[in-house]
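Structure, as structure tokens:
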Amino acid sequence: MAMVINMKNDNLQAAQAYVNDVYETVVERNANEYEFLQAVKEIFHSLVPVLARNPHYMENGILERIVEPERLISFRVPWVDDQGKVKVNRGFRVQYNSAIGPYKGGLRFHPSVNASIIKFLGFEQIFKNALTGQAIGGGKGGSDFDPKGKSDGEIMRFTQSFMTELSKYIGSDIDVPAGDIGVGAREIGYMFGQYRRMRGSFDSGVFTGKGVGYGGSLGRTEATGYGTVYFVEEMLRDKGLSFAGSTVVVSGSGNVSIYAIEKAQEFGAKVVACSDSGGYIYDENGICLNTLKRLKEVERSRICEYVKEHPQAKYVEGSHGIWTIPCDIALPCATQNEIDENSARILVANNVKAIGEGANMPSTLDAIDLFLENEVLFGPAKAANAGGVAVSALEMAQNSSRVPWSFEKVDKKLKKIMSDIYRNSVKAADEYGQSGNLVAGANIAGFTKVADAMIMQGII
């Protein structure tokens, strides 16, 4: 028995040394890319017991290979504004890993976009996509273009210029972009139109998130928000809890947030707060979803307008303070690193029971550690917000067959996928001695699927 224990300890030490060496190299090669390094560190930490038990992953250099994108594309995007002035933005696409399928991941238009952001998102996308059980690899893209305050004409001219360059690198069996922050149905429509114009063919499978009238899927708009709630409901159910009767805070007010609110309310929760980049609203009576949808989806207004119609509600400048509101369930659905260690401490002190990450990496590593230490149920982004890309893959399936599905069929498949992701994450965590840690479970389940495919395909 002593020899077995020593062997296990030796294997763990060797795996930890390997992880440390690879991570040091990643830091040297990607200095100052903080978001990317954060994502790599979080995943690598989970994989030590996997590598110790499966040394062939180390022998095949899987970490060294998986952390390097297969292709990182950067390009200039010139366009002309309504005053006739030439503007120039940067465009990016990272084609990270195609071991299990064509690259798949959204496009983000936001001033914060840079190589680090795109690489972190693309790296996370590898494992998120693998968790869905569908044949899609990891990719991501976008631009530092800010669509806020731009006219439809300006957005059309920018997206057409962006697509003129990006079209060289994408295709239904190569790389299939979708939407993300700042990229909705309008932007997807303009880009798809430019792609069709340039290629001279109707390749509906080259984009997802399209309008339903030209190959889009019912349920895609709702998918990420619904999927987050479906995942959290599974997590709660295992502990004898549910959304019913719970108080919920949701950050953000885009598609993910709006439809997370909608589904949480359907499940009997009272959602009392949401936000945008300017601030947050708190309505102790519960957010009026109809007002929120009209303001954000139709009028494209700021969230502060909500209180004009609901004077009992309160608007507070600055979105960070939303996590001071006591709640049973917190759903961060806005952006990366919005919950830091201090916000996590406040949530824990206010007896939060569960966190479901609807955005990409919305909690810092210190915040995640606090949640796990205090036994807060924690649904990590790569698992909890996989609903969007899952339904994107279902849209690809519909495009391939040229047969559209009903909303009910798509939603049923989404529920099943999110349930499977939860169960597989639980199983992987249990298998590697980290029961209850869904961060580790999701990382392990996603990694092993991709790593096994990479080994079977040789050194490429």
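The values are calculated or read from the model by the stated rules, or taken from the named source; none is laboratory data. The structure presented is a predicted model; accordingly, all values stated were derived computationally and were not measured. All Cβ positions, glycine included, derive from the backbone under ideal geometry; neighbour counts span all protein chains shown.
I'd like the full set of residues that are crowded, with 24+ Cβ neighbours inside 10 Å and either out of contact with any strand residue (DSSP E or B) (no Cβ under 9 Å at 6 or more places or on another chain) or within 21 Å of Ala260 (Cα to Cα) (or both), limited to the stretch 363-373.
Of all residues in the stretch 363-373, those crowded, with 24+ Cβ neighbours inside 10 Å come to 363, 367.
The one that is crowded, with 24+ Cβ neighbours inside 10 Å and either out of contact with any strand residue (DSSP E or B) (no Cβ under 9 Å at 6 or more places or on another chain) or within 21 Å of Ala260 (Cα to Cα) (or both): Ser363.
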Expected output for the stretch 229-248 (first residue over 15 Å from Glu262 (Cβ atoms), partner β-branched (Val, Ile, Thr) and in a helix (DSSP H, G or I), Cβ below 8 Å, 6+ apart or cross-chain) is Phe231/Ile421; Asp238/Val426
Within the bounds of the stretch 391-413, is there any residue that is without any contact (Cβ under 8 Å) to a residue 40 or more places away in the chain and closer than 22 Å to Tyr34 by Cβ?
no
When (1) out of contact with any Lys or Arg (no Cβ under 7 Å at 6 or more places or on another chain); (2) modelled with pLDDT of 95 or more are applied to Asn360, the one that fails is (2)
- Query: If you go through the stretch 105-115 one residue at a time, do you hit one that is closer than 28 Å to Gln398 by Cβ and in contact with a Lys or Arg (Cβ under 7 Å, 6 or more places away or on another chain)?
  - Reply: yes
Expected single match for modelled with pLDDT of 95 or more, in contact with a Ser or Thr (Cβ under 6 Å, 6 or more places away or on another chain) and either surrounded by fewer than 20 Cβ atoms within 10 Å (Cβ to Cβ) or outside the structural domain of Leu121 (by TED's automatic domain parsing) (or both) among Ser275, Ser246, Ser319 is Ser275
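For Val298, state whether it is buried (at least 23 other Cβ atoms within 10 Å of the Cβ), in the same structural domain as Gly321 (by TED's automatic domain parsing) and at negative phi.
Details: buried (at least 23 other Cβ atoms within 10 Å of the Cβ): no; in the same structural domain as Gly321 (by TED's automatic domain parsing): yes; at negative phi: yes.
No, not satisfied.
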Checked the stretch 189-224 for anything part of a helix (DSSP H, G or I), hydrophobic (A, V, I, L, M, F, W, C) and farther than 27 Å from Ser253 by Cβ; matches are Met198, Val206
Selection from the stretch 414-460 of residues over 23 Å from Gly227 (Cβ atoms), in contact (Cβ under 8 Å) with a residue 60 or more places away in the chain and part of a loop (DSSP other than H, G, I, E, B) yields Tyr432, Gly433, Gln434, Gln457, Ile459
If we take the stretch 238-294, then strands (runs of 3 or more DSSP E) inside it with 3 or more residues that are within 18 Å of Lys353 (Cβ to Cβ) are 247-250, 270-275
When the stretch 374-402 is checked residue by residue, the ones that are modelled with pLDDT of 95 or more, surrounded by fewer than 17 Cβ atoms within 10 Å (Cβ to Cβ) and not assigned by TED's automatic domain parsing to the domain that holds Ala330 are Ala397
Expected output for the stretch 324-337 (first residue touching a residue at least 12 places away in the same chain (Cβ under 8 Å) and over 15 Å from Leu236 (Cα atoms), partner of a type in the set (Asp, Glu) and part of a loop (DSSP other than H, G, I, E, B), Cβ below 7 Å, 6+ apart or cross-chain) is Pro332/Glu338; Pro332/Glu357
So the strands (runs of 3 or more DSSP E) completely within the stretch 39-116 holding 1 or more residues that are under 27 Å from Thr224 (Cα atoms) and over 19 Å from the mean Cα position of the chain (by Cα) are 71-80, 86-97
Quick count over the stretch 296-322, residues being of a type in the set (A, V, I, L, M, F, W, C) and either closer than 22 Å to Gly245 by Cβ or touching a Lys or Arg at 6+ places or on another chain (Cβ under 8 Å) (or both), is 4
Restricting the stretch 150-188 to residues that are among the small types (Gly, Ala, Ser) and either surrounded by fewer than 17 Cβ atoms within 10 Å (Cβ to Cβ) or part of a helix (DSSP H, G or I) (or both), the one modelled with the lowest pLDDT turns out to be Ala185
